[in-house]
Every structure is written in structure tokens, then in C-alpha cells.
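Accompanying notes for the structure given below.
The values are calculated or read from the model by the stated rules, or taken from the named source; none is laboratory data. Bear in mind the structure is a predicted one, so any value in this text is a computation, not a measurement. As a convention, Cβ positions derive from the backbone with ideal geometry for all residues, glycine included, and neighbour counts pool all protein chains shown. When the accessible area is computed, the model is the full protein with side chains, heavy atoms only, and any ligands, DNA or RNA have been set aside. Shrake-Rupley method; radii C 1.70, N 1.55, O 1.52, S 1.80 Å.
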Amino acid sequence: NRQWTLATRPVGAPSLSNFNFIESEKPTAKQGELLLRTVFLSLDPYMRGRMNDAKSYAEPVAIDEVMVGGTVCRVEESNHPDYSLGEWVVSFSGWQDYAISDGVDLLKLGQQPTQPSYALGVMGMPGLTAYMGLLDIGQPKAGETVVVAAATGAVGSLVGQIAKLKGCKVVGIAGGAEKCRSAVEELGFDICLDHKSPDLAAQLEQACDSGIDVYFENVGGKVFDAVLPLLNACARIPLCGMISQYNATELPEGPDRMFSLMGNLLVKRIKMQGFIVFDDYGHRYNEFSQDMSQWLKDGKIKYREDLVEGLENTVESFIGLLEGKNFGKQVMRVGPD
Ligand code: NDP
């Protein structure tokens, strides 16, 4: 059983030296337990937060513990009445080949799911995040302008496409020309701007000629600085993530922008609301799943996976995710079907 454990807590960007790749005996399932074999492992930005010893909505990963993460697994041994051999399940078994489960908190995918890895992306946590954050908090209306960054990523790509389905104008922001081209040509965004260009703020102002009604916040930093002056009265900001700050070790340079932020929120009556997807919306999974599976079936939503082979490459891929090297939902293929 190969496992990635947290060796030391990263300061700033994580590196290979913060992790250990260890090998131990394959575990065996006792009465009432299952042995799960990992086929797919999801890599997600929140994992960076779990590497810190800081108080948050979830406990940090302890030193020498296996890194956490959503997985799609097959049941390799079952001593549990509710699960049969070979069955596919969604689990939270982390960065390892095998795990023991008591059968609680598993989602069944059946014996022959058509796209099992989708349960980690478009039909899973990132999909639910995009759907609920945009529709429940963002409340987009036809004709409004929606802006989203990390526009080709797991969450952003879906936010923009759902906003298009609701009749909005969608302006994406992504890293590099290739991602921007794909957001427009493949995902159907109206415009997509490269956040690496020095005049992002001017380009955004030009693109959003009627201001911004919904800003789905995935990244923070200089993208938020460019968005803030363009927000319309009664704009909504689903505060989903701030990936540009996850490796930060100190406050950003420059003047304190708190007064400007609060002033804008006040005079423009802007609603900004954070959310933690499963805590706030886990109970509404079925509603999301019905709409999303229909949209996929009808070809209304496109989904791109960035699938990397081999558990041994997990750390490198995770570091890449924080640097924008992924193109689509980052998933590791840990083992064969
Ligand atoms: P993505 O698949 O979008 O991958 C991360 C992307 O972030 C990178 O590809 C990169 O895209 C972009 N990025 C990284 N650094 C920067 C930077 N400095 N400035 C601008 N963009 C940057 O990840 P997810 O879709 O899984 O997650 C998107 C956001 O949603 C994250 O902030 C995450 O924490 C949050 N999230 C929150 C949840 C919640 O419950 N609140 C649940 C799930 C996700 P590019 O190359 O285009 O810049």
C-alpha cells in the first residue's frame, strides 16, 4: 500500500520535501469493514489549507498522517452486508492505494458507472460548488454580467457555463492564451482575459461595459482589485475561494484596501457571502445532480479533466494546481479500473 504522508508543514509553496512516499502492507478488512482500492484521486486547492496547522472549518492533516482527498474506489474485499465485490464508490480515503472503510459516508456508483471519475468533478464537489454558489448566492438574471476567474478550472468552467444557460453575459479570467481561447471557443464564454497581462484592469473595464452584477470569487488578489471598481449596485459575490493567497506568508504589499472594500460594499449595497460547499449545500445534492446530469446528457455543459497517471506523481501535480499548470479538473489515476 503506497501512501503520501505529510512530513512537514509547508511555509509558502509546498515542495516535494514536505511529503513522504511510504509503502506498507496492504490492510485487510475485518467484520463489518471493506477494503477499498483507489482508482481515481481528486486534487483540490483546499488541500493546501489542510497542510497548515491553523484553525479552519476542517481539522489540519496531522504530521505523518496520509494526505486527505476525495477518491473513487472499487470494493476489493467486503465484510459488510451493504457492499458487494467490485462495486464502485466515492470515498474520502486520501492519497493512497488502499483504505479500510466501515461503509459510512460512501456514495455508491454501482457496478459499471460510465464515467466514474466525473463523481470527483462535474457531478461531485466542484460541480455542486459551482451550481450552488452561482445560483443560490449569485442569483444571476438573464442579461446580467457574470465574471469568474480560474475560468477553465473545475469550478470556474462550470460557473461560466451555468451562467450562460441562465442567459448572462460571461467574462472569464484565466492564465494564458490557450486557456482563454478554450473558455470562449469550447465553453462558450463571451470573453476571457489573461490575468497575466499587465493591463488586466483596463481590459476588464472594457469587457464589462455594463459593469459587473455577479463576481464568483475563486482567486482574490489582483483579480479582485480589478473587479471591485466595476461592481454594479446590488452586485452579488459568492466568496468561494482565494487561491492566489493560499501560499502567502504575509499580507499583500501596498495600501490597506479594507476601507475601499467596505466603502464599496456599503454604497453599492453589495452582498458578499462565503460558503463551504458540503456544510452549506450537501443536503441539496439531488437538486444539483438532476440538473447537471441532464445538461451533460443534452451536451449543454462541457467538462474537461486533466488526468495524470500514477500516485507517485501526486505531489508534483498538486504543486502544479496551485501554479495554474492544470487545464481542467485535476484528477490522478491511481490504479486500473
Ligand atoms: P481549478 O481547477 O480552477 O485550479 C486552480 C486554478 O486556479 C489554476 O488552474 C489557476 O488557473 C488558478 N490560479 C492559481 N493561482 C492563481 C493566481 N495567483 N491568480 C489567479 N488564478 C490563479 O481549482 P478548483 O476549480 O477546484 O477551485 C477553484 C476555487 O474554488 C479555489 O479557490 C478553491 O479553493 C475554491 N473552492 C471552494 C469550495 C468551497 O466550498 N468554498 C469548494 C471547491 C473549491 P489559471 O491558470 O486560469 O490562473
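Kindly work out what percent of the DSSP beta bridges joining two residues of the chain are antiparallel, to the nearest 5.
55 percent
Using the Cα centre of the stretch 258-337 as origin and beta-carbon charges of +1 (Lys, Arg) and -1 (Asp, Glu), tell me which of Ser289, Val315, Met332 is placed farthest towards the positive end of the dipole.
Towards the positive end, the residue furthest out is Ser289.
Would you work out what percent of the accessible area of the stretch 1-137, with all protein chains in place, is carbon or sulfur (probe 1.4 Å)? The partial results should precede the final answer.
Details: 3020 of 6050 Å².
Accessible surface attributable to carbon and sulfur in the stretch 1-137 totals 50 percent.
Check Ala235: other-chain or 5+ apart residues with amide H under 5 Å from its amide H, H built from backbone geometry?
Excluding prolines and chain starts, which carry no amide H, the hits are Lys271.
List the cysteines in the chain whose Cβ has no other cysteine Cβ under 4.7 Å from it.
Cys73, Cys168, Cys208, Cys234, Cys240
To the nearest 0.05, how large is the calculated FRET efficiency for Ser293 and Cys234 if R₀ is 30 Å and r is the Cβ-Cβ distance?
On the way: r = 33 Å, r/R0 = 1.09.
According to the calculation, E is roughly 0.40.
Can you give the local net charge around Glu312? Use residues other than it whose beta-carbon is closer than 12 angstrom to its beta-carbon, Lys and Arg +1, Asp and Glu -1.
Within the 12 Å Cβ shell, the charges total -2.
Sort 286-294, 53-61 for me by packing, meaning the mean count of neighbouring Cβ atoms within 10 Å per residue, highest on top.
Highest to lowest by the protection proxy: 286-294, 53-61.
Given 0.36 nm per residue, what is the gain on full extension from Phe21 to Asn52 after removing their alpha carbon distance, in nm?
Net length gain for the segment: 9.2 nm.
Work out the FRET efficiency for Ala202 and Asp82 from their Cβ-Cβ distance, taking R0 = 56 Å, and round it to the nearest 0.05.
On the way: r = 58 Å, r/R0 = 1.04.
Calculated value: 0.45.
Evaluate E = 1/(1 + (r/R0)^6) for Ser210 and Gln273, where r is the Cβ-Cβ distance and R0 equals 25 Å; express this FRET efficiency to the nearest 0.05.
It comes to 0.65.
Which ³J(HN,Hα) values in Hz, rounded to whole numbers, follow from the phi angles of the stretch 322-337 under the Karplus curve 6.51 cos²θ - 1.76 cosθ + 1.60, where θ = phi - 60° and Gly and Pro get x?
The phi angles translate into 6, 9, x, 7, 6, 10, x, 5, 7, 9, 9, 8, 8, x, x, 4 Hz.
Compute, for the chain, the length of the dipole vector about the Cα centre, with Cβ point charges of +1 (Lys, Arg) and -1 (Asp, Glu) only. Units Debye, rounded to 20.
In debye, rounded to 20, the chain gives about 840.
What are the ³J(HN,Hα) couplings of the stretch 57-63, residue after residue, when phi is run through the Karplus curve with 6.51, -1.76, 1.60 and θ = phi - 60°? Round to Hz, x for glycine and proline.
Values per residue, Gly and Pro as x: 6, 9, 5, x, 6, 6, 4 Hz.
Name the long-range amide H neighbours of Ile191: under 5 Å, sequence gap of 5 or more, or other chain; modelled H, no Pro or chain starts.
Counting only residues 5 or more places away or on other chains, the set is Val170, Gly172.
Count charges around Gly324 for me, please; just the other residues with Cβ under 13 Å from its Cβ, Lys/Arg as +1, Asp/Glu as -1.
Neighbourhood net charge equals -1.
Could you sort 160-169, 4-13 so that the peptide with the highest average Cβ count within 10 Å comes first and the rest follow in order?
With the highest mean Cβ count within 10 Å placed first, the list reads 160-169, 4-13.
Per Stokes-Einstein, at 25 °C and 0.890 mPa s, what whole-number D in µm² s⁻¹ belongs to the stretch 125-278, with the Kirkwood radius over Cα pairs as the hydrodynamic radius? Mind dumping the intermediate values first?
Working: Rh = 15.3 Å.
So the translational diffusion coefficient is about 160 µm²/s.
Place the peptides 72-84, 229-241, 114-126 in order of packing, highest mean first, counting for every residue the other Cβ atoms within 10 Å and averaging per peptide.
So the peptides 72-84, 229-241, 114-126, ranked by packing, come out 114-126, 229-241, 72-84.
Over all directions, what mean area does the Cα convex hull of the chain project, stated in square nanometres?
That works out to 17.1 nm².
Could you check the spin-label model distance between Glu65 and His283? Points 7 Å from the Cα along Cα→Cβ, value in nm.
In this crude label model, Glu65 to His283 measures out at 2.7 nm.
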